[in-house]
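Have a look at the structure below, then the notes.
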């Protein structure tokens, strides 16, 4: 039977991702890999993460690629930078670029060897723009951050899918499915509880891979949906970003 793996926020940690995929998951071409977004920022090699995933796509793997709020940040910083005409040859950073850099955009720009967002090669921006907001299986809604259940149709609010942090799951609006998401780092003990206890209406898989010195955090977790088991890959990258 084909496997269905869900992989949360990678944040530029390409070595950790490679170890997870090649040493633990070892996907066959028929398996499905759901990525929850936040491929970039904070870790040392955002470009390398996207290159690696592009390679999986080119090799014929079945990938479901979702957008995270960090890709949203990057796209908006890129678009605003293109509009930024500057004055007398000098261009100051846009407001969105300053915000993005605080949350890891600085490390992302360095990985692209880019002085400003407009210097990121367009193929990477185009790749980000094509990312999906959510995926649905028989039993789960898979999304980066969550859903706005205050709306009659929670799928109508795409911004919440990228950015929401606090919400109450109303399973009647998603046909009894559970929500799988990332976005908000939680410790391994809580992830284990969410996976093992069906009473939880959601499963948060983000273990804060870039937290290299916080007990219970600092791993990249992947959940296999057909057997409801997860694997844990410890951080293999060197982190210079300081979490805020």
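The values are calculated or read from the model by the stated rules, or taken from the named source; none is laboratory data. Please read all numbers here as calculations on a predicted model, not as lab measurements. Positions of Cβ are generated from backbone atoms using ideal geometry, with glycine treated the same way; all protein chains shown enter the neighbour counts.
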If you go through 26, 18, 3, the only one that is surrounded by fewer than 21 Cβ atoms within 10 Å (Cβ to Cβ) and closer than 20 Å to residue 140 by Cβ is 3
As an exercise: evaluate residue 180 against (1) within 26 Å of residue 31 (Cβ to Cβ); (2) surrounded by fewer than 21 Cβ atoms within 10 Å (Cβ to Cβ) and give the number of the one condition it does not meet.
(2)
Take residue 90 and decide whether it is surrounded by fewer than 16 Cβ atoms within 10 Å (Cβ to Cβ) and over 16 Å from residue 9 (Cβ atoms).
yes
Which numbered condition in (1) surrounded by fewer than 20 Cβ atoms within 10 Å (Cβ to Cβ); (2) in contact with a helix residue (DSSP H, G or I) (Cβ under 7 Å, 6 or more places away or on another chain) is the only one that residue 105 fails?
(1)
Could you check residue 38 against (1) surrounded by 16 or more Cβ atoms within 10 Å (Cβ to Cβ); (2) at pLDDT 95 or above; (3) on the phi < 0 side of the Ramachandran plot and say which number it fails?
(3)
Within the range 1-37, how many residues turn out to be touching a strand residue (DSSP E or B) at 6+ places or on another chain (Cβ under 6 Å), more than 24 Å from residue 72 (Cα to Cα) and assigned to a helix (DSSP H, G or I)?
4
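Looking at this structure, is residue 40 in contact (Cβ under 8 Å) with a residue 40 or more places away in the chain and touching a strand residue (DSSP E or B) at 6+ places or on another chain (Cβ under 6 Å)?
no
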Within the set of pairs 6+ apart or on separate chains, which have a first residue in the range 221-244 that is on the phi < 0 side of the Ramachandran plot, a second that is at pLDDT below 95, and C-beta atoms under 7 Å apart?
226/1; 235/212; 239/212
Residue check, residue 175 under 28 Å from residue 74 (Cα atoms) and loosely packed, with under 13 Cβ neighbours inside 10 Å:
no
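Hey, can you tell me all the residues within the range 126-137 that are over 15 Å from the mean Cα position of the chain (by Cα) and in contact (Cβ under 8 Å) with a residue 12 or more places away in the chain? Working first, answer last.
Let us first name the residues in the range 126-137 that are over 15 Å from the mean Cα position of the chain (by Cα), namely 126, 136-137.
Within the range 126-137, 136, 137 meet the criteria.
Residue-wise test of (1) part of a loop (DSSP other than H, G, I, E, B); (2) touching a residue at least 12 places away in the same chain (Cβ under 8 Å); (3) in contact with a strand residue (DSSP E or B) (Cβ under 6 Å, 6 or more places away or on another chain).
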residue	(1), (2), (3)
73	no, yes, no
93	yes, yes, no
108	no, yes, no
115	yes, no, no
Would you pick out the residues in the range 137-160 that are surrounded by 14 or more Cβ atoms within 10 Å (Cβ to Cβ) and closer than 21 Å to residue 195 by Cα?
137, 140, 141, 142, 143, 144, 145, 146, 147
